[in-house]
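Values in this text are rule-based calculations from the coordinates and carry no lab data. Predicted, not measured: the structure shown is a model, and the values here were computed from it. Backbone-built Cβ (ideal geometry, glycine too); neighbour counts: all protein chains shown.
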Amino acid sequence: MIEQKEIIEPEKITCEVFFKEISISEAKSVKAADYIMYYCGLDCYDE
């Protein structure tokens, strides 16, 4: 019998500009003193 592994969904966050849900591993981030802002891509970051 083949053992099936549980599929784990990647942790998601919301883009700070377009409010699009993105996985943390795909996000571009800028660290400020008290928080981190996430962007869905470089075009979004430039915006």
Inter-label distance for T14 and K31, nm, one decimal - labels placed 7 Å from Cα along Cα-to-Cβ: 2.4 nm
Cα point-scatterer Debye curve for the chain, base-10 log of I(q)/I(0) at q = 0.23, 0.27 Å⁻¹: -0.79, -0.98
Spacing of the two label points (7 Å from each Cα toward its C-beta) at Q4 and S23, in nm: 2.0 nm
